[in-house]
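The values are calculated or read from the model by the stated rules, or taken from the named source; none is laboratory data. Note that the structure is a prediction, hence the values are computed from the model and not measured. Backbone-built Cβ (ideal geometry, glycine too); neighbour counts: all protein chains shown. The area values use the complete protein model at the heavy-atom level, side chains included, leaving out ligands, DNA and RNA. Shrake-Rupley method; radii C 1.70, N 1.55, O 1.52, S 1.80 Å.
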Amino acid sequence: MVDLESEVPPLPPRYRFRDLLLGDQGWQNDDRVQVEFYMNENTFKERLKLFFIKNQRSSLRIRLFNFSLKLLSCLLYIIRVLLDDPTQGHGWSPIIWVNRSLPLWGLQVSVALISLFETMLLGYLSYKGNIWEQVLRIPFLLEIINAVPFIITIFWPALRNLFIPVFLNCWLAKHALENMINDLHRAIQRTQSAMFNQVLILISTLLCLIFTCICGIQHLERAGNKLTLFDSLYFCIVTFSTVGFGDVTPKIWPSKLLVVIMICVALVVLPIQFEQLAYLWMERQKSGGNYSRHRAQTEKHVVLCVSSLKIDLLMDFLNEFYAHPRLQDYYVVILCPTEMDAQVRRVLQIPMWSQRVIYLQGSVLKDQDLLRAKMDDAEACFILSSRCEVDRTAADHQTILRAWAVKDFAPKCPLYVQILKPENKFHIKFADHVVCEEEFKYAMLALNCICPATSTLITLLVHTSRGQEGQQSPEQWQKMYGRCSGNEVYHINLEDSAFFAEYEGKSFTYASFHAHKKFGVCLIGVRREDNKNILLNPGPRYIMSSTDICFYINITKEENSAFKKQEQHRKNNESKSYYHGPSRLPLHSVIASMGTVAIDLQDTGCRSSSGPTLTLPSEGSKNGRRSSIAPVLEVADSSSLQACDLLSDQSEDETTPSDDDISTGLEYAKGYPPYSPYIGSSPTFCHLLHEKVPFCCLRLDKGCQHNYYEDAKAYGFKNKLIIVAAETAGNGLYNFIVPLRAYYRPKKELNPIVLLLDNPLDDLLRCGVTFAANMVVVDKESTMSAEEDYMADAKTIVNVQTLFRLFSSLSIITELTHPANMRFMQFRAKDCYSLALSKLEKKEREKGSNLAFMFRLPFAAGRVFSISMLDTLLYQSFVKDYMISITRLLLGLDTTPGSGFLCSMKITEDDLWIRTYARLYQKLCSSTGDIPIGIYRTESQKLTTSESQISISVEEWEDTKDTKEQINNRNNHRNSTSSDQSDHPLLRRKSMQWARRLSRKVPKHSGKTAEKISQQRMSLYKRSERQELAELVKNRMKHLGLSTAGYDEMNDHQNTLSYILINPSPDTRLELNDVVYLIRPDPLAYVPNTASSRKNSFCNTVGQDAREETQL
């Protein structure tokens, strides 16, 4: 092959010409042919067309040269007019003949020759077979009128002073300017602005009209008033502005006719131009125009990408984003494919937002729109999913494509992405921050079942607030709840902190307790300088380092705090006290008076193996001084912090299986789930069965060959059920099950989980709703899309209301789409207290609060939440990049070795000796190493004269009253009653009893009596309705063959209210049934390395230290 190729001669350079002359005779035996492409572009005409028309840069230069020629011709005409003497000549001769000097004539002839040659050349190059199409074009005709007469004067010198309307070249200059702008946009590769082009056309048209009128009037009036150019300019301006002074007027009819023609042209042309300009202006207002490149380079901005922009989403983003002081100078560019609706338009017209928020209508998938938003210069890009879509998977696919488009266009722009389905999360792992809605939703629903109101706790932590909500309310609980809701998570370097710098080299629990005692801040976690993982409560063995980053909960961050120090005198026995150091007590300027906490301390030795119980004080201490609590050690000592605290065996079910487990055949092992439902799920150590249960056994309402149970009661569960009512069994349920089966929960406290895919009454009764601990109602995806946005929750709300009426004692936890719909949960139309809370919510919203909904009783108690409230978590991550990680650790979505977990404990009567939150803080830190972060408190509604409160239980009071009246009636009116019974029928007897009851003991104020009667009638109505509902449920249970023993229709908890106190002050008094939120250290962090000891210690740890409720 090499020899053959070397023998083939090269083709001659003129192959086409040689082939044309000689044909194919010389190459008959050769199959190879050299092919030259684009030969049509090698012709002379094509090369000229390429230079004058096709090539953008050369064409732009030609247009610019042509534009300059036209302007030069107009300038030469003005010079000719200024040099001409209009007084010479008589009659009509000054209109036909003018005085033109020879140099001026030579310049005008040269310009005319060049212009005519260029016009003819361009006409030839653009010729497409129709000569009349080229000849009859207006620019060509104007060019002939202005250029040909000058060329004729070359050959006929007598016509050199002939008048030629050179001023009409202004219209050719306008035409050249439009073409030049188009070529300019093509040359610089930028999308041309139609608005800019239209404004340019309008201005140039107006200038050409005025210039034509000025030159025409001045020339025609050479035979009349002998007007100068300035007089003509004055006349045209006065005429076109419709002022019309009348001091300068045309005298001869040709000039008058010209004025009429120009006015008619202006009335036709200018309105068309203005209409097109107005249309483009309206379209630009809809699309939003462009974000200025100069502003993008000098100012900072972020881009918000959404499928459809709703007013609630916009206000949540703006309020949360601009709540941080350092973001006040940022611009927000909204990129949305839909047109801005009326509500959003009105909001963006408010001066506060109109100067900082820019709306652009466009698609993220188009580079032109990303260029309009200056995505490559943006500080961050937020991509939000449309949760109101029926097909949430399709919504995720759109979000993924948007994230890919932004990453492709601006690789260095930080991405903050919200995704709906967890199985789609791995597609956007490259994003800097990702929030998966279903992960967080199901994790919060699960923790709500074991740690009440976890959803409310997380929501308040991720919302920015100053803690001023409810401070004007007469209710004490609203003041405390509102003030504590201002707590957020902040961070600071240990060496730069006034809160924690003095605790360098000391244990984490020591630093946390003393920082709370002195400053009222709650230290919850740290991060090493050389490690990206955040550790929540790493435990007493963790020693604080100067380079650690501390994460704490407080009203405001330390940088915005002011400290007031005051000296306090110590007692004479100060040297005997455990604490050494300054006795000054800095008080935060924002936190309300926390007071001082008097805590007696004593040295402690090895504690008993009774587990993490907060032991009661001895009997002798009751008669002596206050009961003492062990001090929190600066450095953990193996002798004092022994394995008995965290690793002792307190639960027998962790070491040996109980009789119940043996009888039911349930044996648990600890390990990681063998299968992951989606890519990207964090592995969690859980309780697992040794053997996989057959799929047929998972159906609760149908028996199989392995068991014959068909309802929850037949299974004989020892613990109460947790029922999950969902539309489908999606992958997100994995994050609901894992927190309830985590390794740190003791086996004896594991609740059975029932998944209810449809919730008719029969299925509810079969799955054990009458003895369930909690029922979780997940918002249905199929109802999230509605014609009216807020109606998306209608089906869920009505179903939950039905459950609330049928099973009033059932604890129902509901997830809604819109936070505004929380007011309909457990709705009572005549509840005065709820109406008062509605007024309070409106007042807080008028004050600009971001948490106006927080005082609604269902939300405060943790019975309802909306996942859209967690959108602020993504927004806060722009300033606090650690917030998503901390939230995932609190919810158990991520597990980091050495990091603690969220749990709770309940205050019983035996624990009230601790008295205050500060003493509880010390007791927990010194014994178990737990860090308390808040209190969940339940109170009874009290009867007051305030309009904001109602009576506790009208029904119970009326029941008691009726009973007493019946007894008195029997004793005092026995004889009369018997006579009435003998003389009158049954209906008459009942009427007489009612008459005597209403007429007896008439009070002084008849109005109060009428009110009591009305309340009594309402009580009877309610009681009869409840009894009717109870009968309905019991009849259905009997029909299904279920026992009605567990159904208690009158056990109603409507007269209590619950709320959360995040990081309360140290002197907060503990109350009975308070639930304390704890961050408990990781039990595995203290397990020895040996395999045998690890196994035993791990079992002990789970049995003792990781219980949901710690007995004090």
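Here is how the numbers come out for the structure above:
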read-out: For region 801-894: Kirkwood Rh in Å [reciprocal of mean 1/r, alpha carbons]; value: 15.2
read-out: Local electrostatic count at LEU313 - Lys and Arg +1, Asp and Glu -1, tallied over other residues with Cβ under 13 Å; value: -4
read-out: Mean Cβ neighbour count within 10 Å, used as a protection proxy, ranking 247-254, 266-273, 327-334 highest first; value: 327-334, 247-254, 266-273
read-out: Rounded accessible area per residue of region 337-489, 1.4 Å, Å²; value: 36
read-out: Highest to lowest packing among 854-861, 370-377, scored as the average C-beta count within 10 Å; value: 854-861, 370-377
read-out: Length-normalised contact order for region 788-937 - Cα pairs under 8 Å, 6+ apart - percent; value: 17
read-out: Ratio Rg/Rh [Cα only; Rh per Kirkwood] for region 263-341; value: 1.18
read-out: Cα shape, region 392-463, gyration tensor, a/c 1.5 rule; value: prolate
read-out: Cα gyration tensor shape of region 307-464, rounded if a/c is under 1.5, else prolate or oblate by comparing a/b with b/c; value: oblate
read-out: Cα principal axis extents for region 688-761, largest first, Å; value: 32, 27, 22
read-out: Whole-Hz couplings from phi, Karplus 6.51/-1.76/1.60, listed for region 890-901; x for Gly and Pro; value: 5, 7, x, 6, 10, 10, 10, x, x, 9, x, 9
read-out: Prolate/oblate/rounded label for region 138-260 (Cα gyration tensor, a/c 1.5); value: oblate
read-out: Unsatisfied cross-links (Cα-Cα over 24 Å) in the set LYS429/LYS795; LYS441/LYS557; LYS366/LYS441; LYS412/LYS880; value: LYS429/LYS795; LYS441/LYS557; LYS366/LYS441
read-out: Region 411-547, accessible surface, carbon-and-sulfur percent (1.4 angstrom probe); value: 43
